[in-house]
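What follows is calculated from the coordinates using simple rules that are stated; it is not laboratory data. Computed from a predicted structure; not experimentally measured.
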Amino acid sequence: MEVDSNGNLTGGGIVHVPLREKGQVVKSIQEETGIDIERTSAVGDTAVDVTMFRRARVSIAFNPRDTATERAATHVVRSRDLRSVLPLMLGDGV
């Protein structure tokens, strides 16, 4: 992952995430960047995303495929537009 001089993610870089280890990968990124759970958001759609949800203050089940994902998330969004999660991630909809 790439960050700018202010420590913000630029969108560059590639992170290969083992399917069942998303939570551990988020934890590692948090430790590397100094970003804590309170400043972390996670978006997912299946039960394999639940471990990632546990490492985030805001967890969003986006068009969830199962009830386990819905129950684990702090928010559920059903939309054709991924941008609809932004207010939740930015605190405007929390």
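A compact table of results
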{"read-out": "Nearest 10 degrees, 0 to 90: helix 22-33 Cα axis against the chain principal axis", "value": "30"}
{"read-out": "Cα-only radius of gyration and Dmax that characterise the chain, units Å", "value": "13.2, 40"}
{"read-out": "Helical contribution to [θ] at 222 nm, DSSP H n ≥ 4, -39,500 (n - 2.57), averaged over the chain, rounded to 500", "value": "-7000 deg cm²/dmol"}
{"read-out": "Mean Cα-pair separation over length for the range 19-90, i.e. relative contact order, pairs under 8 Å, 6 or more apart, %", "value": "26"}
{"read-out": "Residue-span extension gain [residue 31 to residue 74] - 0.36 nm each, minus C-alpha spacing", "value": "13.2 nm"}
